[in-house]
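Structure first, then comments.
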Ligand SMILES: [Zn+2]
């Protein structure tokens with residue numbers, strides 16, 4: 001059951017790759033539309049991951 005974690009890692013990798021390679025993000029010193037889109041996906045994946053982790057091993 002590592003599907004959620006894989007999605008999280010994939011989303012983070014995609015976002016970080018964009019931040020490293022996107023000229024517009026560097027030029028404007030602010031996230032471009034693509035970066036915002038990728039960040040939103042990453043945040044959603046992270047939320048799902050936290051919810052899944054909490055269900056499997058509650059630490060709170
Ligand atoms: Zn960008």
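What to note about this one:
- In region 50-57, the condition of being more than 11 Å from the chain's Cα centre (by Cα), at pLDDT below 95, surrounded by fewer than 16 Cβ atoms within 10 Å (Cβ to Cβ) and outside any helix (DSSP H, G or I) is met by at least one residue.
- Scanning region 25-41 for residues that are at pLDDT below 95 and either more than 8 Å from the ligand (Cβ to nearest atom) or surrounded by fewer than 13 Cβ atoms within 10 Å (Cβ to Cβ) (or both) yields 26, 27, 28, 29, 30.
- Test: residue in region 3-17 that is modelled with pLDDT under 95, exposed (fewer than 13 other Cβ atoms within 10 Å of the Cβ) and within 16 Å of the ligand (Cβ to nearest atom): no
- Residue 60 modelled with pLDDT under 90 and surrounded by 13 or more Cβ atoms within 10 Å (Cβ to Cβ): no
The values are calculated or read from the model by the stated rules, or taken from the named source; none is laboratory data. Model, not experiment: these values are computed from the prediction. Backbone-built Cβ (ideal geometry, glycine too); neighbour counts: all protein chains shown.
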